[in-house]
């Protein structure tokens, strides 16, 4: 009998360690794919499984086991492109930021600019909000198929425009996130490395609401009494061999809260940048400023889940050049008084910094971590809403530390080469927690 039991035990153990290995599957950060009900992650921390869906959070590899099959997913950074519908049934434009999987050409994530912005939602939010429920129909579909398909409605037109721009291989680039193009974002950009003449990038407001909420600057821009952008024009220099050339463009200034789509044109290429504008502009922002300001709270304070839209840092209008903030939606469960989710709708730190040529390679040491914002925000889930999160402290290069230093009561993960975006998120979450505690006394 013992021999029979031993044989059975050996057989069971063999089954438990023998798995059918599937080919590696390429994913992009922010991509979500369905998995079997019994699926579990056996290796890697760059993704999580939530309600039968594998959610890619950061660069790296993750192995998922279901039954006797193991599948390894290789997660890479997304390619982010902005698209806009040529016409809108609403008072304001319909524009999207679309994330693509470069390995497969699939559309993996969409953000609709203006969704959740208080002034926009108050003006035409009832019908506009219905677009949010249509986003899932585009997920994991081929960008080429979408680009060649019909645009049955306004969201389809915006998504198709983003897909066409993704497929067009533009002759130049802007930072692939919700901000504006300025001199410091142009510096050493390899898309301009082959210039043979000075280039003027034409800047225009493609669409906005309300009218005049963003303008192309044409007056001198001063910083501490010194003109830094004559006639609103910012210029960067590029070397090609022994020759030096310049790329110039007018800055854009946010004037009042709303939503705007800015176009940048050089040669045959036109790129779009959609931004939400909030009423928190400052002219004296330093790169390390972080604060929390609740822009909108839940209409029903007795709801099971309370969601707060919060700004994490101040808008750099001038002399920084961007009217966007770190914009965060914080969802809190009323009964358990815990954070359900922290979702970034826009942020002012860029995965573009991952390129070794920008800022003299100063961010290369943190590499792909610059893309790992989703892994960072995922670590807030489950924390008590009755305790604030501790911010990072600045690192010291002389101690060999790059980026922020976690402290007790904080999040033990450094995701960028500086503390600005992480601390902006922490400040936003804490502002939401304070408002939640006030709302649920």
Which numbered condition in (1) part of a loop (DSSP other than H, G, I, E, B); (2) at pLDDT below 70 is the only one that residue 303 fails?
(2)
Among the candidates 381, 335, residue that is modelled with pLDDT of 90 or more, under 30 Å from residue 441 (Cβ atoms), part of a loop (DSSP other than H, G, I, E, B) and under 19 Å from the mean Cα position of the chain (by Cα):
381
Quick one: what pairs do we get from region 358-383, first residue over 30 Å from residue 337 (Cα atoms), second at pLDDT 85 or above and surrounded by 14 or more Cβ atoms within 10 Å (Cβ to Cβ), C-beta under 6 Å, 6+ apart or different chains?
368/59
Residue 412 fails exactly one of (1) at pLDDT below 80; (2) within 21 Å of residue 55 (Cβ to Cβ); (3) not in a helix (DSSP H, G or I), namely (1)
How many of the residues in region 231-270 are outside any strand (DSSP E or B), touching a strand residue (DSSP E or B) at 6+ places or on another chain (Cβ under 6 Å) and at positive phi?
1
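Residue 329: closer than 30 Å to residue 263 by Cβ, at pLDDT 90 or above and surrounded by fewer than 23 Cβ atoms within 10 Å (Cβ to Cβ), yes or no?
So residue 329 passes the test.
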Residue pairs within 9 Å by beta carbon, gap of at least six or interchain, first lying in region 426-441 and in contact (Cβ under 8 Å) with a residue 40 or more places away in the chain, second surrounded by 15 or more Cβ atoms within 10 Å (Cβ to Cβ) and in a helix (DSSP H, G or I), listed first then second, are 429/377
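Collect the residues in region 272-281 that are assigned to a strand (DSSP E or B) and surrounded by fewer than 21 Cβ atoms within 10 Å (Cβ to Cβ), keeping them in residue-number order.
Once the filter is applied, which keeps residues that are assigned to a strand (DSSP E or B) and surrounded by fewer than 21 Cβ atoms within 10 Å (Cβ to Cβ), region 272-281 yields only 281.
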Consider residue 371 carefully, then state whether it is over 30 Å from residue 225 (Cβ atoms), buried (at least 18 other Cβ atoms within 10 Å of the Cβ), at pLDDT below 55 and outside the structural domain of residue 45 (by TED's automatic domain parsing).
no
Condition first: surrounded by fewer than 22 Cβ atoms within 10 Å (Cβ to Cβ), modelled with pLDDT under 80 and in contact with a helix residue (DSSP H, G or I) (Cβ under 6 Å, 6 or more places away or on another chain). Can you find one or more residues in region 392-399 that meet it?
no
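The values are calculated or read from the model by the stated rules, or taken from the named source; none is laboratory data. Quantities reported herein were computed from a predicted structural model and do not represent experimental measurements. Methodologically, a virtual Cβ is constructed for each residue, glycine included, from the backbone with ideal geometry; neighbour enumeration extends over all protein chains shown.
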